[in-house]
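Below is one structure; the comments refer to it alone.
The values are calculated or read from the model by the stated rules, or taken from the named source; none is laboratory data. Only a predicted model underlies this, so the values are computations on that prediction, with no experimental measurement involved. Quick reminder, even Gly has a Cβ in these numbers, built from the backbone with ideal geometry, and neighbours come from all protein chains shown. Note: areas computed on protein heavy atoms with side chains; ligands, DNA, RNA excluded. Shrake-Rupley method; radii C 1.70, N 1.55, O 1.52, S 1.80 Å.
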Amino acid sequence: FHWAVERRDAALALELVEYSQWYWALDEHWQQTNRWSGQVLELVGDAPPEGYEVAYASCLFHCSGEMGLGRAAVLERLDRVEQVLAGAGLRAEDHPVLILCLVYRSMADRHPGGRARVRLEESVREQGDPWARAMAYLMLSLLDAVHGEADRAVERATTALESMREVGDAWGQCNAIVHLVDVVRYTDLERCRRLLDEGIALARRGGLDGVV
């Protein structure tokens, strides 16, 4: 990456952010992606090169999560992410990382029925890819919990867990279990313990210790 920036190879730098961001997301090293994204935006400027809209939007997104800037500034940055995607005929809800734009927006909404959450609901119904649909359920479960809808959060996290089992994604299963544990620990301690045992065993088998 540093070689690409030093050579001022904008295309390569953009591609490195786009295609490595999921790796850093899985490992929860968001700071690394944030640093790279800031450097790429400085290199590229105010508009994406043609064909690199998703990569450019990804850089914008990874620089948008600095919550110390305040709600208005974060939402403004998320607006810019969606503007870039829309210019290429794309949507945040169709991307495995950029779907988080809608999650952040919903968290910032003044009420739980905001447009961002509605879009996530619609994406579940429209999504044909089983893994992406499971991730959308996982995101909705998170929002349900944030907005105080515990029963709904459990239902959707359970759906996400079952779907991740079907596609064989150990990381996805562990994250769904984390969501479930976070909610059911207040109402069903025995189920919470069973889920924790399952998640720990799954993480160890999948080499995910320290990752989830």
Correct choice for volume of the Cα convex hull per residue in Å³ that was computed from the model, options (i) 130; (ii) 149; (iii) 120: (i)
Just to check I understand the Karplus step: with θ = phi - 60° and J = 6.51 cos²θ - 1.76 cosθ + 1.60, what whole-Hz values come out for the stretch 132-148, glycine and proline as x? 5, 5, 4, 5, 4, 4, 5, 5, 5, 4, 4, 5, 4, 5, 4, 8, x
Nearest-0.05 FRET efficiency for Glu126 and Ala86, computed from C-beta distance (R0 22 Å): 0.85
By accessible area of protein heavy atoms, probe 1.4 Å, what ranking do Arg205, Arg119, Arg152 get, highest first? Arg205, Arg152, Arg119
Taking the Cα-to-Cβ direction at Glu166 and at Arg115 and moving 7 Å from each Cα, how far apart do the two end points lie in nm? 3.2
Which shape class applies to the stretch 72-147: rounded if a/c is under 1.5, otherwise prolate when a/b exceeds b/c and oblate if not, where a ≥ b ≥ c are the square roots of the Cα gyration tensor eigenvalues? oblate
The helix 189-205 Cα axis meets the longest alpha-carbon principal axis of the chain at an angle in degrees, between 0 and 90 and rounded to 10, of 50
Label point distance in nm, Asp151-Ala72, each placed 7 Å from Cα along Cα→Cβ: 4.0
Kindly express, to the nearest 10 degrees and within the range 0 to 90, the angle between helix 71-87's C-alpha long axis and the longest C-alpha principal axis of the chain. 70
